[in-house]
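Undergrad: Next up is a structure, given as structure tokens.
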Amino acid sequence: MSVIALLGAVEIGLIFGLASLGVWITFRVLDFPDLTVDGSFATGGAVAATLITGGLDPFAATVIAVAAGVLAGIVTAWMNTRFGILHLLAGILTMIALYSVNLRIMGRPNVPLLGESTVFSLVDDIGVPAFWAEPAALLVLTVLVTAALNRYLLSETGLALRAAGANPRMARANGIRTERCIIIGVALGNALVALAGALFAQSQQSADVSMGIGTIVVGLASVIIGETLVPGPLRRSIVAATAACVVGSIVYRLVVNFALNLDFIGLRASDLNLVTALLVLAALGLPTYRRRRAARAAAAAAAAAAPRAAA
């Protein structure tokens, strides 16, 4: 793998690291499996691309794209809390609706950004090669977003949000409005996913109505891979958990690129979903295998010590 390909994988990994943070908030913090992200990722890209081609400043377009993600999350959470619709079904309904909404926003299946000014144009003008400057800028942005998210989750409001996800009944008994926490959490998660979608569209110089397909799988893969890299005692730390999401996303992209570039395996770009499934399977299966192996070793040690104790 060349240096340019390596840095390109890191760049995409950082972008999807933001999406992974959004998935982690709903999936881990709130215990709210949210499939809206497949739609809100594309919504972020569609809104940003449409506004940029319309002449709006790319930074303002990105902020509006994030606001669109917030709105998508609110709709999903509102259906769940107001009408009692199962979270999975609520997310599916919003995701399906967003496909048509995104087509309405763009007016066509895709919007090219070739020749348009993007948020990356600023770093491209400093004289450093783009394949170095863009990952560096994304790294700074990801660190800032992650730090802000950590600060929020460690605040009193963030603690209420975490309590609502960990034990809703106990949270309500302590006066926490769990429905409001669900709305805030799902909106925040989809805001991060929409931000990732807006950045991805500007990085790839194009927004497509189907660009969000598989975002939930990539996000979950990144979260699970990141969690396997964090030692057990640190997994309860918010800082370690959010960092693991970003690191897991980068590792995921590097492994995928490495696998697809191994000629003797014979994989093609169309095998991306297969590689993703195998990575998730490995990430889920290895911890279980380790626990069972440790349990068997402990049982064997106990069985060997029993005769000596009896003697």
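The values are calculated or read from the model by the stated rules, or taken from the named source; none is laboratory data. Predicted, not measured: the structure shown is a model, and the values here were computed from it. Positions of Cβ are backbone-derived with ideal geometry, glycine not excepted, and every protein chain shown enters the neighbour counts.
Undergrad: Going through Gly232, Gly248, Gly219 one at a time, which residue ends up being at pLDDT below 90 and of a type in the set (Gly, Ala, Ser)?
TA: Working: Gly248 fails: at pLDDT below 90; Gly219 fails: at pLDDT below 90.
Of the residues listed, the single one that is at pLDDT below 90 and of a type in the set (Gly, Ala, Ser) is Gly232.
Undergrad: Exactly one of these conditions fails for Thr118: (1) touching a residue at least 40 places away in the same chain (Cβ under 8 Å); (2) touching a Phe, Trp or Tyr at 6+ places or on another chain (Cβ under 8 Å); (3) under 17 Å from Leu199 (Cβ atoms). Give me its number.
TA: All conditions are met except number (2).
Undergrad: A further question follows. Identify the single condition in (1) within 25 Å of Ser249 (Cβ to Cβ); (2) touching a residue at least 12 places away in the same chain (Cβ under 8 Å) that Val101 does not satisfy, given that it satisfies every other one.
TA: For Val101, the failing item is (1).
Undergrad: Could you please find all residues in region 99-123 being in a helix (DSSP H, G or I) and either touching an Asp or Glu at 6+ places or on another chain (Cβ under 8 Å) or farther than 19 Å from Ser40 by Cα (or both)?
TA: Ser121, Leu122, Val123
Undergrad: In the set Leu6, Leu21, which member is in a helix (DSSP H, G or I) and either surrounded by 24 or more Cβ atoms within 10 Å (Cβ to Cβ) or of a type in the set (Phe, Trp, Tyr) (or both)?
TA: Leu21 is the lone residue from the list that is in a helix (DSSP H, G or I) and either surrounded by 24 or more Cβ atoms within 10 Å (Cβ to Cβ) or of a type in the set (Phe, Trp, Tyr) (or both).
Undergrad: Moving on to the next point. Scan Ser270, Ser203 and give me the residue that is closer than 24 Å to Met95 by Cα, surrounded by fewer than 16 Cβ atoms within 10 Å (Cβ to Cβ) and not basic (Lys, Arg).
TA: After ruling out the rest, the residue left standing is Ser270.
Undergrad: Which members of region 222-256 meet the condition of being basic (Lys, Arg) and closer than 11 Å to Gly13 by Cβ?
TA: Answer for region 222-256, where residues must be basic (Lys, Arg) and closer than 11 Å to Gly13 by Cβ: just Arg253.
Undergrad: Of the residues Asp38, Asp31, which is among the acidic types (Asp, Glu) and assigned to a loop (DSSP other than H, G, I, E, B)? Full working, then the answer.
TA: Numbers: Asp38 fails: assigned to a loop (DSSP other than H, G, I, E, B).
The unique qualifying residue is Asp31.
Undergrad: Could you count how many residues in region 34-56 are out of contact with any Gly (no Cβ under 7 Å at 6 or more places or on another chain) and in contact (Cβ under 8 Å) with a residue 40 or more places away in the chain?
TA: Here the count works out to 7.
Undergrad: Something else: Criterion first (small (Gly, Ala, Ser), in contact with an Asp or Glu (Cβ under 8 Å, 6 or more places away or on another chain) and either in contact (Cβ under 8 Å) with a residue 24 or more places away in the chain or outside any helix (DSSP H, G or I) (or both)) does Gly13 satisfy it?
TA: Against the criterion (small (Gly, Ala, Ser), in contact with an Asp or Glu (Cβ under 8 Å, 6 or more places away or on another chain) and either in contact (Cβ under 8 Å) with a residue 24 or more places away in the chain or outside any helix (DSSP H, G or I) (or both)), Gly13 does not qualify.
Undergrad: Kindly indicate the residue of region 33-91 that is in contact with a His (Cβ under 9 Å, 6 or more places away or on another chain) and buried (at least 24 other Cβ atoms within 10 Å of the Cβ) and also modelled with the lowest pLDDT among those meeting that condition.
TA: Asp34
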